[in-house]
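Read the structure below first, then the notes.
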Amino acid sequence: MKTSMKTLGALLGATMLVLSGCAIELPSAPPASTPAGDDTEARPGAPMTAGFGADVVKACEAASPSLDAIRDRGALNWGIGISPPFGFKAADGSWAGVEADNARELAALLGVEAKIQDYDYSIMTAAIQSDKADIIGAQLFITPERAKAIDFSDYYYLSGQLFYVLEDSPYQSIDDLNDPDVRFVYGTGNAQLAIAEKYIPEANISDAPLRGQLLLYEFLAAGQADASMVEAAPMPVLLAKYTDPQLAAIGLQGRVTSPTAGEDDIIDPFEVAFGLPQNDAAWKGCVDAWVDDARSSGRMDERIQYWLDQNAAD
């Protein structure tokens, strides 16, 4: 059973993009004082500003509609979603997180500025289709529905989902959650609906805007929902942050009691990639070459772990 506050199809069919914030221009290199205590380019996963490999540089020197437009305007239009620690606003209003680092690094590779604009997840594909964004870097995971409207880069992050409940709730397993009396809520526009319908089809499923949160914790804390869902990777961050009342995670094997979720716990592992315009092979080739370099060097994993650790310390 599902009730919805708004549907993805209606939003994607809208003729006007509803933007959730103002565009912010970032230099291609991090400023002298960057957010969240990030005061040095030497920290793990810091965005590179020079010294890219010859193969990556060559791939990004190609001509294509997107690459030509980026070079002509002198700016990379980067669509982001507010989803800490991947994308969020620091106290000074600047963008921080994994995707802000990614935007700065790719812009530096292209020799342009990074111009970041946040979009609601329900209109991410529309931002690409309308040429508002050259690339979506928003912890966007590949789904068949999105692939009908946009292309994806090679994946840069492999993750999966966990259910989250209050620790003192009676729910110990996914089977416990698959009940008509269980109220499950997920972030509007996310692909968690399909996962919920697969694993807990008997539950009362609804959605609500995330509004910059990683998890709809307040619905659990206020007794308005019994369960929610988000990625497995930030589980240590979430359990350390949400303690009043204490949060707990449920995976394929039941309650997760280890410090991090194991492969046997993670629900439907998925690939996270960058969203790109369709039919621009050279632009995709540039982004794929950069992704391959960032992954093979370990830089991307270090970047993700750094921001997860920062978020846990906040």
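The values are calculated or read from the model by the stated rules, or taken from the named source; none is laboratory data. Since the structure is predicted, the reported quantities are computational estimates derived from the model, not experimental observations. With ideal geometry, Cβ positions are generated from the backbone for all residues, glycine too; neighbour counts draw on all protein chains shown. The area values use the complete protein model at the heavy-atom level, side chains included, leaving out ligands, DNA and RNA. Shrake-Rupley method; radii C 1.70, N 1.55, O 1.52, S 1.80 Å.
The table for this structure:
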item: In segment 157-169, the residues that are in a strand (DSSP E or B) and open to solvent by 20 Å² or more (accessible area, probe 1.4 Å); result: TYR157, LEU158, LEU166
item: Considering residues of segment 262-282 that are out of contact with any strand residue (DSSP E or B) (no Cβ under 6 Å at 6 or more places or on another chain) and among the small types (Gly, Ala, Ser) only, the residue nearest to SER173 (Cα to Cα); result: GLY262
item: One residue from PHE152, PHE141 being touching a Gly at 6+ places or on another chain (Cβ under 8 Å), open to solvent by 10 Å² or more (accessible area, probe 1.4 Å) and of a type in the set (Phe, Trp, Tyr); result: PHE152
item: Subset of segment 269-292 (residues that are open to solvent by 20 Å² or more (accessible area, probe 1.4 Å) and acidic (Asp, Glu)); result: GLU271, ASP288, ASP292
item: Conditions (1) over 30 Å from SER64 (Cα atoms); (2) surrounded by fewer than 22 Cβ atoms within 10 Å (Cβ to Cβ); (3) not polar (S, T, N, Q): number failed by ALA233; result: (2)
item: Search result, residues across segment 104-156 that are among the charged types (D, E, K, R), touching a residue at least 24 places away in the same chain (Cβ under 8 Å) and not in a helix (DSSP H, G or I); result: GLU113, LYS115, ASP118, ASP120, ASP131, LYS132, ASP134, ASP151, ASP154
item: THR243 vs. criteria free of Cβ contacts under 8 Å to residues at least 12 places away in the same chain, on the phi < 0 side of the Ramachandran plot and open to solvent by 50 Å² or more (accessible area, probe 1.4 Å); result: yes
item: So GLN172, is it open to solvent by 20 Å² or more (accessible area, probe 1.4 Å) and farther than 27 Å from PHE219 by Cβ; result: no
item: Selection from segment 301-313 of residues that are out of contact with any strand residue (DSSP E or B) (no Cβ under 7 Å at 6 or more places or on another chain), surrounded by 18 or more Cβ atoms within 10 Å (Cβ to Cβ) and of a type in the set (A, V, I, L, M); result: LEU308
item: PRO180 closer than 25 Å to ALA221 by Cα, in contact (Cβ under 8 Å) with a residue 12 or more places away in the chain and open to solvent by 40 Å² or more (accessible area, probe 1.4 Å); result: yes
item: Candidates ARG295, ARG255 - the one that is closer than 28 Å to LEU109 by Cα, surrounded by fewer than 17 Cβ atoms within 10 Å (Cβ to Cβ) and not hydrophobic (A, V, I, L, M, F, W, C); result: ARG295
item: Any hit, segment 112-135, residues being over 17 Å from the mean Cα position of the chain (by Cα) and surrounded by 23 or more Cβ atoms within 10 Å (Cβ to Cβ); result: yes
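Residues are listed down the side, and each one gets a yes or a no for (1) within 19 Å of GLY187 (Cα to Cα); (2) within 18 Å of the chain's Cα centre (by Cα); (3) at pLDDT 95 or above; (4) hydroxyl-bearing (Ser, Thr, Tyr):
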{"position": "TYR217", "(1), (2), (3), (4)": "yes, yes, yes, yes"}
{"position": "LEU220", "(1), (2), (3), (4)": "yes, no, yes, no"}
{"position": "LEU252", "(1), (2), (3), (4)": "no, no, yes, no"}
{"position": "SER258", "(1), (2), (3), (4)": "no, no, no, yes"}
{"position": "ASP268", "(1), (2), (3), (4)": "yes, yes, no, no"}
{"position": "ALA282", "(1), (2), (3), (4)": "no, no, yes, no"}
{"position": "ALA294", "(1), (2), (3), (4)": "no, yes, yes, no"}
